[in-house]
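Before any comments, here is the structure.
The values are calculated or read from the model by the stated rules, or taken from the named source; none is laboratory data. Everything numeric here is computed off the predicted structure, so don't read it as measured data. Here the Cβ is made from the backbone with ideal geometry for all residues, glycine too, and neighbour counts use every protein chain on show.
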Amino acid sequence: MNAREATLRTRRLLLQPMTASDATVVHCIWTTPGVRRFLFDGEVLTWAKTTAMLELSMDLFCREGTGLWLGRGNDGEAIAFCGYWYFHQPPQLELVYGVAEEYWGNGYATEAARALAEYGQRRLGLRTIRASTDAANAPSLWVMDKLGMRLARAGPKGKQIVCAVLAPSCDSFHAKGRRPDSVPLTQFRSATVALDAASGRRRTVCRWHGARVHAARTVAKR
């Protein structure tokens, strides 16, 4: 697959795989306080780290069609970034997305993430798409919910991370009504992982607005 085939167009964005020429504008977006707070746990990336990430992104795109995309508006201004990146140990491919601070609150993150989710399903053949975010990152949770993602599990002990999945079975989820494991992600407050003594299965105990919901941990398949 070449970069032209992977170029995605939405109503307001032109999304293209990142290249070395995008380093300056991407570094500027990634080092702003609001973006780096959750994306890099507040770390201010050095120029060397930014360029290294872009090199890895280009390598991932060449090898498997994943990596990072930069979204520009009709005027050519860089607005959003999104793509597929490996997180956690062992590495898991996840959908990632973000927006330059000056464009927050306009729906760009959902627009970009939806385009990449469709790309993952149609072009990459992903059966399930994963994403994760800090529990305190309400805008990111909102994007997951807008995409129709379903709570999968809580993250590592000591850090509240929400992990969600988007699968073919989620397409008619809203139409059929919510099951206990499908409470809107925007209502998420906290989660812990517990062991079910009866079944021996690990489960996620989620606290929502005044309610407790038990959701069995799911396994996503590529």
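The table that follows gives values for the structure above.
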read-out	value
Residue check, L60 hydrophobic (A, V, I, L, M, F, W, C) and part of a loop (DSSP other than H, G, I, E, B)	no
Tabulated pairs, the range 54-67, first touching a residue at least 60 places away in the same chain (Cβ under 8 Å), second among the aliphatic types (A, V, I, L, M) and surrounded by 14 or more Cβ atoms within 10 Å (Cβ to Cβ), C-beta under 6 angstrom, 6+ apart or interchain	G65/L124
Test: G65 is at pLDDT below 95 and either farther than 16 Å from T31 by Cα or hydrophobic (A, V, I, L, M, F, W, C) (or both)	no
Selected residue (criterion: surrounded by the most Cβ atoms within 10 Å (Cβ to Cβ)) from residues of the range 31-67 that are of a type in the set (S, T, Y) and in contact with a Leu (Cβ under 9 Å, 6 or more places away or on another chain)	S57
